[in-house]
Amino acid sequence: MHSLIQLSIVVLLLPLLSFVILIFFNRRLPRRGDFIGVGILGTAFGISAYIFWTVIVQTYDPAFRIAWDFTWIDLGNVPGVGPLQIKMGVVIDNLTSIMLAMVTLISLLVHLYSTGYMAGDKNYGRYFAFLGIFTFSMLGIVLADNLFAIYIFWELVGLSSYLLIGFFFEKDSAADAQKKAFLANRVGDIGMWLGILILYSQFHTFSFEQIYANLAAGKFALSNAWLTAAGILLFMGCVGKSAQFPLHIWLPDAMEGPTPVSALIHAATMVAAGVYFVARIFVMLTPDALHVIAFVGACTAFMAATIAITQNDIKRVLAYSTVSQLGYMVLGLGVGAYSASLFHLVTHAFFKACLFLGSGAIIHAMHHEQDMRWMGALWKKMPWTFVTFTLATLALAGLPLTSGFMSKDAILAGAIGFAQAEGGGIYYLIPALGFFSAMLTAFYMGRQIWLVFFGESRTHLKPADNHHQAHHVHDAHAAHGDAHHGAHEVHEVSWNMRAPLVILAALSVFAVYSPDPLDGAKGWFMKMIPTPATVVGEANPQMGSLAAGGVTPQLAEVVRTTEVAPPPVAGEHAAPAAAHGEAKGGHVYSDPRQAEIVHAGHAAHFTAIYISSIMVALGICMAFVVYVFKIIDPEKTARLIRPLYLFSLNKWYWDEIYEATFIKGSMAIARMLSWFDTNVVDGIVNGVATLVRKFAFANDSFDRHVVDGMVNFTAFTVNTTGAVLKKLQTGKVQTYVVMLMLVLFSYFVFYFIRLIY
Amino acid sequence: MLSLIVFLPIIAGLVILAVPSSQKQIIRIVSLLAALAQGVLAVLIWRGYDPSLPGITAGAGGSPLGSFQFVEKVPWISLNLGGFGSLNIEYFLGVDGISVTMVILTALVSAIGVLSSWTIQKQVKGYFILYNLLASAMMGCFVALDFFLFYVFWEIMLLPMYFLIGIWGGPNREYAAIKFFLYTLFGSVFMLLVMIGLYFSVTDPATGLHTFSLVAMATQTNFNVAGAIFAPENHLWRQIAFIVLFVGFAIKVPMFPFHTWLPDAHVEAPTPISVILAGVLLKLGTYGMIRINFPLFPEVFHASMYVIGIFGAINIIYGALCALAQKDLKKMVAYSSISHMGYVLLGLSAGNSEGMVGALYQMFNHGTITAMLFLLVGVIYDRAHTRQIDKFGGLASYMPVYAAVVTIAWFASLGLPGLSGFISEAFVFVGAFSSETTRPIAMVSVLGIVFGAAYLLWSLQRMFLGKRNDDAAYDLVTGPDGHEHIHFHDWKGKLDLDGRELAMLVPLVVITIFLGIYPMPVLGMLTSSINKLVQVLSPVVMSQM
Amino acid sequence: MSNPTYTVIFYLFAAITVFSAAFVVFTRNVIYSAFSLLFTFFGVAALYVFLSADFIAVTQVVVYVGGILVLLLFGVMFTNGIMQTGQKSEVFHIIPGTVLLAGIIGALLYTFYTSHGWMPSETTLQGSIVERIGFETMSHYVLPFEMVSILLLAALIGAAFLARFDKSGK
Amino acid sequence: MEQLTTIGLNHYLTISAILLGFGLFAVMTRKNAIVVLMGVELILNAANINFLAFSKYNGGMEGVMFALFVIVIAAAEAAIALAIVINIFKIFKSVDVSSIDSMKE
């Protein structure tokens, strides 16, 4: 076993240890054991950082990959299949090591932050336990080398998400939200599970490596449509977990959970797991499946952005922006901008965590006020928060010199390239939606910054009953909140909440990822995470032989480039590709479609930068026009386009639609079936019983009148005969003897008559 | 060994017979000791079991030894029936992978049932005598390898169950008991006919005589009596026999549309009987299918896989939807049992190793998980004297340990990874999907996962989360320490789980978690038997005959 | 068996048997009946000797004469005072009785003498058979023998029980 | 004449038949229970003669053994019967069989 594998397993198990210790002993430990959670996560992050250092910095090899597995379930010699084992294992490659470091870092920061934010909660220890099991599950997803393990940890993050969303379970809204989140995820999960089943039913293995090798060898016996279906179904898992349209509805509600949880789970890591998973299965997605993914991503990005502009709750705005950004990532994967998508995943994780933690700090300082309409003028009171929050906002909006700028532009460039490669038409809708969403993002983030940090303080404008309610629902914090409440003083948060903000904001700067602020492709990240070669290309039978010959599917290097890549395309784009970065220079894509998209994407790089900068500038200008200079009154505008405004405010009415169709429908069917069960099925049973009873009664009367009648008739006959014969019965023994002898004698007589005749 | 594990409870019952009925505690302790001894024996059997021997059919030379383990085989009834030939019934016990897991499950659930019976106050002596009789009969069913012996145990089981529901049950107990009794009797009467037909169709290769031995029956070449009713060429009668047996077992499972006795029986039965009923008795239906129905008529099984699968899917989705609509917690759990047994049927219908392993493992897990669910329902019923979901709310704040265990049990039931139910459900789906026949059914059945989550989470929310309902079955009082507590009317015991309840639940929780993380202790015993069974059932083997 | 002495002696005993039996049946006095029965038993015993069954003959004398007859006499004495006039007993069903008596005897005799179905064996029983009886009793008939002994015991107890004085009845 | 002088099976059977007839007559006609019993004894003796006669002319031991058993059973029968008679006498103060007709009811 490789030492890195051993270390990664230690990293995986440490948060579980934290969970076990805290769930059983939190009440017996000083400070409810929060130091255990923080300490263990610190250790885990240390080890992860070491892995990161070894893999990314020291090895610096795009093809780096080590794997280890063990037999988890041994099914013996299965008839028709042969020896069959279900294996569990760990794989470490560049992506894994980056994700490990990212997850443990953010988790550590959130742990640290929570020591301040959650202080005084009655279930303080349990909270850290839940964070532990979440981190464990998330690391499991990151490290897993097979679909089954991913599915297991997938559900486990669902569980931890469920537990943490419902942490304040005494609130009905929290209880509703946790149930909604779990069920929406389950819907996605059954799709994912069916996708896994399609693959398993063909290859009898869950391992990525073996599935891809088999696929590349062309051993998929079903039609290509099944493969596309498998891809889309697996993507459904991502739809659920990453809150893509149409299962995005749970994520905004999930903000009922504590804010650090929102930062960790519902912004930075868990929701990104969907994207990570699609990246893992990227090589087996057929072009058709990718198209579906791209459109879903684009729709999600656009829809969530339109909703975000009208939300008033500070966390909801961020939630919808998360959905929108996840849409970007999914869009990126769909269009084939694999590296860019994952790049955006990481950058987004940091700046969105920063935003959420920042909003948490604001909420904490505002005594659990979440409505932006009653905030304002906080920048002086909370300078640290203001600076970090603004930095992260810039990254989210995609302004130059930030990490978000690089990653978002790479995705949009990929989208343009994709549209070009696919031949335009409807495919231009995808980059168009992307750019439009970028503008909306800039607008609503500008709105948020202004409403929260600038202008006048509007705390006093809040309607009283509303105000009261806000406290009421957070009664978990009542004791803590009241201590500050009397002062009504908004102040900067303590160091343990500030430090994470600073670290995360620092990680949102371009320099961490790339020396060139305009081009992420020059940075280490995109070099380390190259686009893998597809294993399902329809055009290349040679691929099969190659992959079967032992080339790992993740590798993009292909020996026989000339045979495979169409010369015109390669020639046309070779120069720009080389110009845009030597990272791709050595790689020539085996799949012509993939190659074309990547090269077109590189060609479109600057186009994307121009367009998106314009869009972002436009968005910010709009925000300034509306909120800073107040040239346009937002309320008047809202009245003017009231239907649209309501449409956005009510989140496109998705909740209502689902409520009316699926939930009501399910309940109606359930009630109907229950009625059917008690009245029809059971009714038949009882009816049969009644019939049998009726028959028994009929039988009884038949018995009494007919059968018994005959018996009675016989008895009557016997009675009358007996009256005659009674006379013969004297009761004297000797009479009977005489009769006996008479009978005997009559036998003699009979005998003699026989003898004579 | 097997005789001992089967008859230990009866011995305990005889001992109890000698104890005066006023000595309730002694009666309980005797029962508990018997159950614990049974558990020890089960552990010994588990440790002594060699997972490499396949079972299902006879080993080399037609001898059950070398294939089955812990075999006990002595002639039992030998009657000369003149023109009908002779009747040879054997006392034939033995275990293979399929039954050994069920033996362990039965021992476990019986012991927990005894603990759960501690609260029974009415006619304790009679109760425990019947209980021990039931425990013996169940165990006997799982280890009997002679069809006649199996049938005897099968019928013996009915009687105590009838009285246990009919005397110690809820308000509508007579109706439920009679329904249960008639339903199962209906199934078993036809089973008797098929059994006799089988006897005259099969010979034991070792002796050349007719036999009731299920081991001999599982090999199709032993159906060598010319012109017999179930001879291989007699397709129609074999199909009829299969259907009749299947219905007999399906009633026990219970399979839609024969399931309506189950909610009634569960709602009326006292908690320990519900535990036994759901934990062990339902398994007898599917066990009978695996042990008797399928290997004896493999070609009919093969032809009817699709139909069985459809019934499985109906069970899964129908049960889950019905559970969603229930207002009575126990009824909901009962319907969840129907739903979960649907997974077993679906896995069996797949006819491949993954599906069968999943089905068998699901049987084991459903035994432990549903036992847990019913115990938990019993806990709250003891306190509140109601099971209406609407009558609770916010319990998690006041009974944290109970809420935690409920959460684990509920999540185990909905198939959360890391808990044992997940692995079995996953394998059922893997198997059903891998089989060409049942693939469409599997695709529909996965909806059951969502509905399963829906009803469980919804009930969890309504009972445990949020705040106390206005018409809840308990009062909110402020204790001397200033904290709010709840108070159940006329409940004197501990508010949260007490020691006895923890003693019942903690082993189940531990087993559920352990088998969810590392399933091989149970799966390892199953695999070789299942692979053998799949071989016996596969059409390739049949065509070679 | 054409020895005339033998024949004569046979007829003598046959006559004793038949006539004393007739006297048993037809006399009105019970005591006379009983004593007449004594002769019948002796006659029959003598006939047994003719039939080579000497052991049975002895048994006949011992059991019937020594046992049963004494019992009968006791019975007579228990139920009637000795030498009472009430010892005379009435006759009942005289006509059907007589008819049947004649008819049955006649029918039997007619059967014996008209049917020639009797085919005596070549070897008849000769000499004493005591030893053979002992042997048969202990071998072939050991189970009936044992059962008879049980029967006797039961009869003994039963008789004692039935005939006991009912003290509480007083 | 030869038939009369040569004693054979039929002679014994004749005696047996006559004894049976007398016995039956006694059982049928006599009112005194004791005499009825005597009739029974006659019948038994008739049977015994038959057994022994057939046994002699068949050359086997079966008849002899049966005769022996009959005697034994007769003894038992006599004891029981007399006990019953004594009981009847106790109850009805009479041994008149014709007056005992409680079986009629």
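The values are calculated or read from the model by the stated rules, or taken from the named source; none is laboratory data. This structure is a prediction, so every number in the text was calculated from the model and none was measured. Because the Cβ atoms are built from the backbone with ideal geometry, glycine has one as well, and the counts that use them run over all protein chains shown.
Taking each residue of segment B:340-357 that is away from chain A (no Cβ under 14 Å) and surrounded by 24 or more Cβ atoms within 10 Å (Cβ to Cβ) and looking for partners that are in a helix (DSSP H, G or I) and among the small types (Gly, Ala, Ser) with beta-carbon atoms closer than 6 Å, six or more apart or interchain, yields B:344/B:359; B:345/B:312; B:348/B:359; B:349/B:309; B:349/B:312.
Pairing residues of segment D:24-37 that are within 7 Å of another protein chain (Cβ to nearest Cβ) with residues that are of a type in the set (Asp, Glu) and part of a strand (DSSP E or B), at Cβ distances under 9 Å and at least 6 apart in sequence or on separate chains, gives D:31/D:96; D:32/D:96. With a requirement of 3 or more residues that are modelled with pLDDT of 85 or more and more than 30 Å from residue C:32 (Cβ to Cβ), the helices (runs of 4 or more DSSP H) lying completely within segment C:59-170 that satisfy it span C:130-138, C:142-163.
Of all residue pairs spaced 6 or more apart or on separate chains, those with beta-carbon atoms under 9 Å, a first member in segment C:33-53 that is more than 15 Å from residue D:37 (Cβ to Cβ) and at the interface with another protein chain (Cβ under 7 Å from one of its Cβ atoms) and a second member that is part of a loop (DSSP other than H, G, I, E, B) and hydroxyl-bearing (Ser, Thr, Tyr) are C:52/C:124; C:52/C:128. On inspection, residue B:372 fails the criterion of being more than 28 Å from residue B:471 (Cα to Cα) and under 20 Å from the mean Cα position of the chain (by Cα). Kindly establish whether residue B:359 is among the small types (Gly, Ala, Ser), more than 30 Å from residue B:473 (Cα to Cα), at pLDDT 90 or above and part of a helix (DSSP H, G or I). Yes.
Against the condition assigned to a helix (DSSP H, G or I) and away from chain D (no Cβ under 14 Å), how does residue A:736 come out, does it pass? Can you show your working first?
Details: assigned to a helix (DSSP H, G or I): yes; away from chain D (no Cβ under 14 Å): no.
No, not satisfied.
Screening residue A:380 on (1) without any contact (Cβ under 8 Å) to a residue 12 or more places away in the chain; (2) assigned to a helix (DSSP H, G or I); (3) within 29 Å of residue A:259 (Cβ to Cβ) shows it passes everything except condition (2).
Quickly run through segment A:166-182 and pick out the residues that are part of a helix (DSSP H, G or I), facing chain B (nearest Cβ under 7 Å) and charged (D, E, K, R).
Taking segment A:166-182 and keeping what is part of a helix (DSSP H, G or I), we get A:166-168, A:172-182.
Imposing the further condition that a residue be facing chain B (nearest Cβ under 7 Å) reduces the set to A:166, A:172, A:175, A:179, A:182.
Hits for segment A:166-182 are A:172, A:179.
Just one of the listed residues (D:7, D:49) is farther than 18 Å from residue C:105 by Cα, within 7 Å of another protein chain (Cβ to nearest Cβ) and of a type in the set (Val, Ile, Thr), namely D:7.
The numbered conditions (1) at pLDDT 85 or above; (2) crowded, with 21+ Cβ neighbours inside 10 Å; (3) more than 10 Å from chain B (Cβ to nearest Cβ) are all true for residue A:210 except (2). Looking across segment C:57-80 at every residue that is more than 7 Å from every other protein chain (Cβ to nearest Cβ) and among the small types (Gly, Ala, Ser), the one that is nearest to residue D:38 (Cα to Cα) is identified as C:66. Would you check if residue B:470 is in a loop (DSSP other than H, G, I, E, B), surrounded by fewer than 17 Cβ atoms within 10 Å (Cβ to Cβ) and away from every other protein chain (no Cβ under 12 Å)? The answer is yes for residue B:470. Within segment B:406-464, the set of residues being more than 9 Å from every other protein chain (Cβ to nearest Cβ), over 18 Å from residue B:337 (Cβ atoms) and of a type in the set (Gly, Ala, Ser) comprises B:431 only. Listed by position, the helices (runs of 4 or more DSSP H) inside segment B:137-227 whose residues that are surrounded by fewer than 23 Cβ atoms within 10 Å (Cβ to Cβ) number at least 1 are B:147-168, B:173-199. Looking only at residues in segment B:487-536 that are over 27 Å from residue B:59 (Cβ atoms) and of a type in the set (D, E, K, R), the one that is nearest to the other protein chains (Cβ to nearest Cβ) is B:496.
Can you find, within segment B:1-44, the residue that is nearest to residue B:156 (Cα to Cα) among those that are β-branched (Val, Ile, Thr) and buried (at least 21 other Cβ atoms within 10 Å of the Cβ)?
Checking each candidate, the answer is B:6.
In segment A:26-41, which residue that is surrounded by fewer than 17 Cβ atoms within 10 Å (Cβ to Cβ) and in contact (Cβ under 8 Å) with a residue 40 or more places away in the chain is farthest from the chain's Cα centre (by Cα)? The qualifying residue farthest from the chain's Cα centre (by Cα) is A:29. For segment C:93-139, the set of residues classified as surrounded by fewer than 11 Cβ atoms within 10 Å (Cβ to Cβ), more than 10 Å from chain D (Cβ to nearest Cβ) and not acidic (Asp, Glu) consists of C:114, C:115, C:116, C:117, C:127, C:138, C:139, listed by residue number.
Among the residues of segment A:183-205, which ones are of a type in the set (D, E, K, R) and within 7 Å of chain B (Cβ to nearest Cβ)? Working first, answer last.
As a first pass, look at segment A:183-205 and keep what is of a type in the set (D, E, K, R): A:186, A:189.
The answer is A:186, and nothing else.
You will find that of B:430, B:406, B:377, the residue that is of a type outside the set (Ser, Thr, Tyr) and touching an Asp or Glu at 6+ places or on another chain (Cβ under 6 Å) is B:430 and no other. Counting only helices (runs of 4 or more DSSP H) that fall entirely inside segment A:633-711 and contain at least 1 residues that are touching a Pro at 6+ places or on another chain (Cβ under 6 Å), acidic (Asp, Glu) and within 14 Å of another protein chain (Cβ to nearest Cβ), no element qualifies. Put simply, of A:376, A:358 the only residue that is under 17 Å from residue A:266 (Cα atoms) and either over 18 Å from the mean Cα position of the chain (by Cα) or crowded, with 24+ Cβ neighbours inside 10 Å (or both) is A:358.
Considered as a group, the residues in segment B:421-465 that are part of a loop (DSSP other than H, G, I, E, B) and either β-branched (Val, Ile, Thr) or touching a residue at least 24 places away in the same chain (Cβ under 8 Å) (or both) include one that is nearest to residue A:192 (Cα to Cα), and that residue is B:446. If you go through segment D:64-100 and pick out every residue that is more than 17 Å from the chain's Cα centre (by Cα) and more than 7 Å from chain C (Cβ to nearest Cβ), you end up with 10.
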